[in-house]
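Q: My questions all concern the structure below.
The values are calculated or read from the model by the stated rules, or taken from the named source; none is laboratory data. These numbers were taken from a predicted model, which means no experiment stands behind them. Reconstructed Cβ throughout: ideal geometry from the backbone, glycine too, with neighbour counts over all protein chains shown. Ligands, DNA and RNA are stripped out before the accessible areas are found, and what is left, the full protein with its side chains, is counted by its heavy atoms. Shrake-Rupley method; radii C 1.70, N 1.55, O 1.52, S 1.80 Å.
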Amino acid sequence: MFCWGAKAKSLNAVGFPNARDWNPTEEDWKLPENWQEIFLEGMRERLSKYRSFRLFMDICVRCGACADKCHFFIGTGDPKNMPVLRAELLRSVYRRYFTKAGKMFGKLAGARDLDLKVLKELWYYAFQCTECRRCSVFCPYGIDTAEITIIVRELLNLLGLNIQWTMGPVADCYMKGNHLGIEPHTMVNIFETMCDDIETLTGIKITPSFNRKGAEILFVTPSGDFFADPGTYTCMGYLMLFHELGLDYTWSTYAAEGGNFGFFTSNEMAKRLNSKIYAEAKRLGVKWILGGECGHMWRVMNQYMDTWNGPADFLEVPKSPVTGTVFENARSTRMTHIIEFTADLIRHGKLKLDPRRNDHLKVTFHDSCNTSRAMGIFEEPRYVIKSVCNHFYEMPDGTTREQTFCCGSGSGFNAGENMELRLRGGLPRANAVKYVRDKYDVNMLANICAIDRAALTTSMNYWNPGMGVTGVHELVANALIMTGEKKRETNMRGDPLDMPVEEPEAEAGAAAPADKAAGGKANV
Amino acid sequence: MKAFLPFLAVIFLVLLVIVGVKAASLYFLFGVIVPYAALLTFLAGVVYRAVKWGRTPVPFHIPTTCGQQKTLPWIKQSKIENPSTTGGVVVRMLLEVFLFRSLFRNLKTEMHEGPKLTYGSDKWLWLAGLSFHWSFLIILVRHLRFFTQNVPGVVQIVGSLDSFLQIGLPLLYITDVIFLAAVAYLFIRRVAIQPVKYISLAADYFPLFLLLAIGCSGVLMRYFLKVDVVSVKMFTMSLVSLRPRIVPGVGTLFYVHLFLVSTLFAYFPWSKLMHMGGVFLSPTRNLANNSRMKRHVNPWNYPVKVHTYEEYEDDFRAKMKMAGVPVEKE
């Protein structure tokens, strides 16, 4: 269970070392002559740069509280997927080269030589951790396996040992502005298509702006939102909401990516990709930044962006132009999460909503790892969902909020060749969804993460066929009564609405947007 | 093997001191030199390790948030599980250090036919861990009566509370029972629970055997062999006053106890036992989740190569113009 190795082309695009085409299934990984030296020197450097790394190498007592908390351990049963053991893979090398006991007693002290077998094992398991941080919630010392995995991946990166499913998007994002390599004219085209669909649905013509100087707000969302279903419905939701509010905002084709796959390769690469957002905000002269629904994007925005590329003193503290609310919790980064923005709108009664338009849905909410454990967004999305849907059900305790489970494909694992691992890792989440499906007939899994929208769709198709996956702003758009809109016949996906018939004028010809709802979407 | 060698090591330590004292009469070595050296190693080692950690920078602001963030005024923040202020962090750390808050969350995940996953509460590890650490602390405090001429009131109160059951003579200390039971449980779970056995190293068994041996030797001295407490105190006070002298009549078992404790002290800074100090420095727990409100500075932040907008526009100018996207240079 693994993803294909990173290609030379992608590594070269961002100037990563030891670029070469290689194949994990082959014996020879074409490593540089002095790979041990590079690895150990890299380790030494990071031990002196990250307190987290040094501390987490030193203080684990192997109590095992983390063991059955990892979705990959639950799904695979592989003991090396217990977070403690995944960390021990590197800790054993740390002991051997950086502690006296390990140097003196070797194996007895739990130390291992860094040989090729150990390196391959580190590679294999570093890419079986989605850096979801669930283990760190339960660890009595807060040891965060994500920190260790991040470092291991950095070290592997020094040897050119990344995975292509991460490196391809990194290279594309660096050169073209987004992970999917969508060039500016294509991006505009995509939005035109989405706006056509919106017009068909609502009768309202929306013309969003790109790279517009002087706009009040720069909006940034993961490119997955305008690339594929069901993310596109969420993106259409943003467009409809902003249009209805008359928001003075712009998209950017240069900073067209909210997500950051660089974060899955090295901190430096993450910083290089992230720099575009503030740079673009500055160039366009916007007042503040609004960010879309995404998981790891928000870990980066909350915990890293300001440190890497701040201070954003050229921006203003975000203030909703509609309600006047000042988002005090973003007074330094000057970037607000759209779910905070929308929750505030609804609270102030600024949106006309008809939740009955979501009556065909019984909704549950999946807390995304990063917005949960690296931020703490729990109530905002629930408030929004409950305002736009009449049927909402929580998954069982132990599987939501800070204890939520990863979709199984986070941190750059969504590769086709990696399907078995993804489905196994997706089991705990899927199983909790199955529980509410069986108990309450839940048919729609809402979330605020672009990777979730892609990954959970696959996972649900396998584990819970028929379960739909949606972004929260798709639900908002369903319920949103827009000024001057025509009567809605269908939801965003073109599925007929399950509404009490008020005006029985059956318009058989009212063309629904082409059948985009194919493939595992709920159709009640 | 991983458990057996540490077991042998502790047996060896016990035999070493018995032979050393009984056969070779190395009273001064085991009674004075070793304890002093162990204490110095402990102090120097703990400081060394703590300073080494403390001097390593915290480049990023990475608290693990376990509750609702500070957000809109009408949404209730979880001020302890997701603190945004220093006060909140302090309370979070106190709960962590004194009550093992995170371990209290422990769940037992079980897979049934179906597959069907269930998550049950599992507090045994928390209970045993907390019982062990607290009873150990109380026992240490009680021992201060051997190291102070006028025993402080607090120590006396702790001692009398600890023996309030009034069982036997000398009175049974509850913490002695809890300590041995908890350590025994921590050992048994390491060998009986398969995943825990799999992750355990010699370095996990050694401290457990050592603690068991320390506890047993203490219990034997107090309740069974009834060591001459007056002599012991004369001896310990001579150590405290830095005028060490060997007091006859304290018995070999006392030397065993002292030597094992010395071993624990000397071993402590170089082992996983340093988690005691480390927990305070853990950046996922001791930082407030306020990095959107207040900029966290990375001391080694450095400029990186970026792909600038100008370079981007150069690559795509024609396509941008074609699509009606504004450009800087025509």
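Q: Any chance region B:262-272 includes a residue that's polar (S, T, N, Q), away from every other protein chain (no Cβ under 13 Å) and free of Cβ contacts under 8 Å to residues at least 60 places away in the same chain?
A: Initial filter on region B:262-272 (polar (S, T, N, Q)): B:262-263, B:271.
Next, only the ones that are away from every other protein chain (no Cβ under 13 Å) stay: B:262-263.
Add one more test, that the residue is free of Cβ contacts under 8 Å to residues at least 60 places away in the same chain, and what stays is none.
The answer is no, given that none of the residues of region B:262-272 is polar (S, T, N, Q), away from every other protein chain (no Cβ under 13 Å) and free of Cβ contacts under 8 Å to residues at least 60 places away in the same chain.
Q: Is it fair to say B:V297 is part of a loop (DSSP other than H, G, I, E, B), over 30 Å from A:A111 (Cβ atoms) and within 14 Å of another protein chain (Cβ to nearest Cβ)?
A: Considered against the rule, which asks whether it is part of a loop (DSSP other than H, G, I, E, B), over 30 Å from A:A111 (Cβ atoms) and within 14 Å of another protein chain (Cβ to nearest Cβ), B:V297 comes out as yes.
Q: While we're on this one: Tell me the residue from B:K329, B:K321 that is more than 7 Å from chain A (Cβ to nearest Cβ) and either among the aromatic types (F, W, Y) or in contact (Cβ under 8 Å) with a residue 12 or more places away in the chain (or both), please.
A: Every option except B:K329 fails the conditions.
Q: For A:V322, are the conditions met, namely being part of a loop (DSSP other than H, G, I, E, B), touching a helix residue (DSSP H, G or I) at 6+ places or on another chain (Cβ under 9 Å), away from chain B (no Cβ under 11 Å) and open to solvent by 10 Å² or more (accessible area, probe 1.4 Å)?
A: yes
Q: So the check is Cβ under 7 Å with 6+ separation or different chains; which pairs have a first residue in region B:173-198 that's away from every other protein chain (no Cβ under 14 Å) and a second one that's of a type in the set (S, T, Y) and open to solvent by 30 Å² or more (accessible area, probe 1.4 Å)?
A: Taking only residues 6 or more apart or on different chains, the pairs are B:I178/B:S131.
Q: Which one of these is within 14 Å of chain B (Cβ to nearest Cβ) and surrounded by fewer than 18 Cβ atoms within 10 Å (Cβ to Cβ): A:R44, A:R20? Walk me through it before giving the result.
A: Values: A:R20 fails: within 14 Å of chain B (Cβ to nearest Cβ).
Answer to the selection: A:R44.
Q: Say whether the condition of being part of a helix (DSSP H, G or I), open to solvent by 40 Å² or more (accessible area, probe 1.4 Å) and facing another protein chain (nearest Cβ under 10 Å) is met by at least one residue in region A:357-379.
A: Looking through region A:357-379, at least one residue is part of a helix (DSSP H, G or I), open to solvent by 40 Å² or more (accessible area, probe 1.4 Å) and facing another protein chain (nearest Cβ under 10 Å).
Q: While we're here: Among the residues of region A:155-170 satisfying the criterion of being buried (at least 23 other Cβ atoms within 10 Å of the Cβ), under 19 Å from the mean Cα position of the chain (by Cα) and of a type in the set (A, V, I, L, M, F, W, C), which is farthest from A:F39 (Cα to Cα)?
A: Out of the qualifying residues, it is A:V170.
Q: Select from region A:197-224 the residues that are of a type in the set (S, T, Y) and either open to solvent by 10 Å² or more (accessible area, probe 1.4 Å) or within 11 Å of chain B (Cβ to nearest Cβ) (or both) and list them in ascending order.
A: Listed by number, the residues that qualify are A:T200, A:T207, A:S209.
Q: Which one of these does A:E340 not meet: (1) surrounded by fewer than 24 Cβ atoms within 10 Å (Cβ to Cβ); (2) within 10 Å of chain B (Cβ to nearest Cβ)?
A: Going through the list (1) surrounded by fewer than 24 Cβ atoms within 10 Å (Cβ to Cβ); (2) within 10 Å of chain B (Cβ to nearest Cβ), A:E340 breaks only (1).
Q: I would also like to ask the following. Given the conditions (1) in a loop (DSSP other than H, G, I, E, B); (2) closer than 28 Å to B:L287 by Cα, report the number of the one that A:S52 does not fulfil.
A: Tallying (1) in a loop (DSSP other than H, G, I, E, B); (2) closer than 28 Å to B:L287 by Cα, A:S52 fails exactly one: (1).
Q: Does region A:151-158 include one or more residues that are touching a residue at least 40 places away in the same chain (Cβ under 8 Å), under 22 Å from A:P17 (Cβ atoms) and acidic (D, E)?
A: Yes, some residue in region A:151-158 is touching a residue at least 40 places away in the same chain (Cβ under 8 Å), under 22 Å from A:P17 (Cβ atoms) and acidic (D, E).
Q: Can you give me the number of residues within region B:300-314 that are facing chain A (nearest Cβ under 7 Å) and open to solvent by 80 Å² or more (accessible area, probe 1.4 Å)?
A: 1
Condition check ((1) part of a helix (DSSP H, G or I); (2) more than 10 Å from chain B (Cβ to nearest Cβ)) across all residues:
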position	(1), (2)
A:E26	no, yes
A:F39	yes, yes
A:A65	no, no
A:F72	yes, yes
A:K80	yes, no
A:L85	yes, no
A:E88	yes, no
A:L108	yes, no
A:R112	no, yes
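Q: Within region A:186-196, identify whether any single residue is under 30 Å from A:V84 (Cβ atoms) and either open to solvent by 10 Å² or more (accessible area, probe 1.4 Å) or away from chain B (no Cβ under 14 Å) (or both), and answer yes or no.
A: no
Q: Looking at A:T307, is it assigned by TED's automatic domain parsing to the domain that holds A:T336, open to solvent by less than 10 Å² (accessible area, probe 1.4 Å) and either free of Cβ contacts under 8 Å to residues at least 12 places away in the same chain or among the β-branched types (V, I, T) (or both)? I'd like the intermediate steps shown before the answer.
A: Numbers: assigned by TED's automatic domain parsing to the domain that holds A:T336: yes; open to solvent by less than 10 Å² (accessible area, probe 1.4 Å): yes; either free of Cβ contacts under 8 Å to residues at least 12 places away in the same chain or among the β-branched types (V, I, T) (or both): yes.
Yes: the conditions hold for A:T307.
Q: Could you check region A:9-24 and list, in sequence order, the residues that are touching a Gly at 6+ places or on another chain (Cβ under 7 Å), in a loop (DSSP other than H, G, I, E, B) and more than 13 Å from A:L158 (Cα to Cα)?
A: Within region A:9-24, A:W22, A:N23, A:P24 qualify.
Q: What do you reckon, is B:V240 surrounded by fewer than 16 Cβ atoms within 10 Å (Cβ to Cβ), of a type outside the set (S, T, Y) and under 27 Å from the mean Cα position of the chain (by Cα)?
A: Considered against the rule, which asks whether it is surrounded by fewer than 16 Cβ atoms within 10 Å (Cβ to Cβ), of a type outside the set (S, T, Y) and under 27 Å from the mean Cα position of the chain (by Cα), B:V240 comes out as yes.
Q: Here is a further query. Being of a type in the set (S, T, Y) and in contact (Cβ under 8 Å) with a residue 12 or more places away in the chain is true for just one of B:S78, B:S25. Which residue is that?
A: Testing whether each residue is of a type in the set (S, T, Y) and in contact (Cβ under 8 Å) with a residue 12 or more places away in the chain leaves just B:S78.
Q: In region B:284-294, which residue that is facing another protein chain (nearest Cβ under 7 Å) and of a type outside the set (S, T, Y) is surrounded by the fewest Cβ atoms within 10 Å (Cβ to Cβ)?
A: The qualifying residue surrounded by the fewest Cβ atoms within 10 Å (Cβ to Cβ) is B:K294.
Q: Go through the residues of region A:443-454 one by one and say whether even a single one is over 21 Å from A:M297 (Cα atoms), out of contact with any helix residue (DSSP H, G or I) (no Cβ under 6 Å at 6 or more places or on another chain) and outside any loop (DSSP other than H, G, I, E, B).
A: Within region A:443-454, one or more residues are over 21 Å from A:M297 (Cα atoms), out of contact with any helix residue (DSSP H, G or I) (no Cβ under 6 Å at 6 or more places or on another chain) and outside any loop (DSSP other than H, G, I, E, B).
Q: Could you go through region A:400-412 and let me know if any residue there is buried (at least 22 other Cβ atoms within 10 Å of the Cβ), assigned to a loop (DSSP other than H, G, I, E, B) and in contact with a Phe, Trp or Tyr (Cβ under 7 Å, 6 or more places away or on another chain).
A: Yes, region A:400-412 contains a residue that is buried (at least 22 other Cβ atoms within 10 Å of the Cβ), assigned to a loop (DSSP other than H, G, I, E, B) and in contact with a Phe, Trp or Tyr (Cβ under 7 Å, 6 or more places away or on another chain).
Q: Same structure, new question: When you go through A:S252, A:S275 one by one, which is the residue that is open to solvent by 10 Å² or more (accessible area, probe 1.4 Å) and either free of Cβ contacts under 8 Å to residues at least 12 places away in the same chain or among the hydroxyl-bearing types (S, T, Y) (or both)?
A: Working: A:S252 fails: open to solvent by 10 Å² or more (accessible area, probe 1.4 Å).
Result: A:S275 is the single residue among A:S252, A:S275 that is open to solvent by 10 Å² or more (accessible area, probe 1.4 Å) and either free of Cβ contacts under 8 Å to residues at least 12 places away in the same chain or among the hydroxyl-bearing types (S, T, Y) (or both).
Q: Answer yes if at least one residue in region A:116-124 is assigned to a loop (DSSP other than H, G, I, E, B) and aliphatic (A, V, I, L, M), and no otherwise.
A: no
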